[in-house]
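For reference, the structure discussed in these notes is given below.
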Amino acid sequence: QVQLVESGGGLVQAGGSLRLSCAASGSFFSINAMGWYRQAPGKQRELVATVTRGGSTNYADSVKGRFTISRDNTKNTAYLQMNSLKPEDTAVYYCNADVSRFTPTSSVTANYWGQGTQVTVSS
């Protein structure tokens, strides 16, 4: 009922930039917090950045000053602008969102993940 679709990944040289997008679709009435996570080979998935519906942001220390998360509530889309990329940023990047939807008798808020998009930074 709710899908998150990421786009914008690819191969870039160190020092370069990429912009990821995450578009939510389906049947829902509100998207609350949205975030980006990443998972490198052999490592656990880790938080990159989050943004509330009101625009408050939070970043992992490793990306502060280089990455910027934003969202467009009218488009149900979150973005991750990644600048000054480093080889250690190489990972699959996943979008995550808390989405509220109606049920036949009430409403429910559930957490959803996208399918991931590969970001590779060459040295």
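Selection within the range 102-123: residues that are over 18 Å from Ala23 (Cα atoms) and touching a residue at least 24 places away in the same chain (Cβ under 8 Å). The member of this set that is least open to solvent (accessible area, probe 1.4 Å) is Val121. Residues in the range 3-15 that are among the β-branched types (Val, Ile, Thr) and surrounded by fewer than 16 Cβ atoms within 10 Å (Cβ to Cβ): Val5 only. Restricting the range 16-54 to residues that are farther than 25 Å from Gln1 by Cα and assigned to a loop (DSSP other than H, G, I, E, B) leaves a set whose member that is most open to solvent (accessible area, probe 1.4 Å) is Gln44. Hey, could you check the range 64-80 for residues that are out of contact with any Lys or Arg (no Cβ under 9 Å at 6 or more places or on another chain) and of a type in the set (Val, Ile, Thr) and say which is farthest from Ala14 (Cα to Cα)? Looking at the filtered set, the residue picked out is Thr74. Here the range 82-123 is the region considered, the condition is being among the hydroxyl-bearing types (Ser, Thr, Tyr) and touching a Leu at 6+ places or on another chain (Cβ under 8 Å), and the residue that is farthest from Leu4 (Cα to Cα) is Ser122. Among the conditions (1) within 13 Å of the chain's Cα centre (by Cα); (2) without any contact (Cβ under 8 Å) to a residue 12 or more places away in the chain, the only one that Tyr79 does not satisfy is (2). Among the listed residues Val99, Val92, which satisfies the condition of being more than 23 Å from Gly10 (Cα to Cα), among the β-branched types (Val, Ile, Thr) and open to solvent by less than 60 Å² (accessible area, probe 1.4 Å)? The unique qualifying residue is Val99.
Under the condition of being in a loop (DSSP other than H, G, I, E, B) and hydrophobic (A, V, I, L, M, F, W, C), which residue from the range 57-73 is surrounded by the fewest Cβ atoms within 10 Å (Cβ to Cβ)? Here the residue is Ala60.
The values are calculated or read from the model by the stated rules, or taken from the named source; none is laboratory data. The model shown is predicted, which means the values in this text are computed figures rather than measured ones. Reconstructed Cβ throughout: ideal geometry from the backbone, glycine too, with neighbour counts over all protein chains shown. These accessible areas exclude ligands, DNA and RNA; they are computed on the full protein's heavy atoms, side chains included. Shrake-Rupley method; radii C 1.70, N 1.55, O 1.52, S 1.80 Å.
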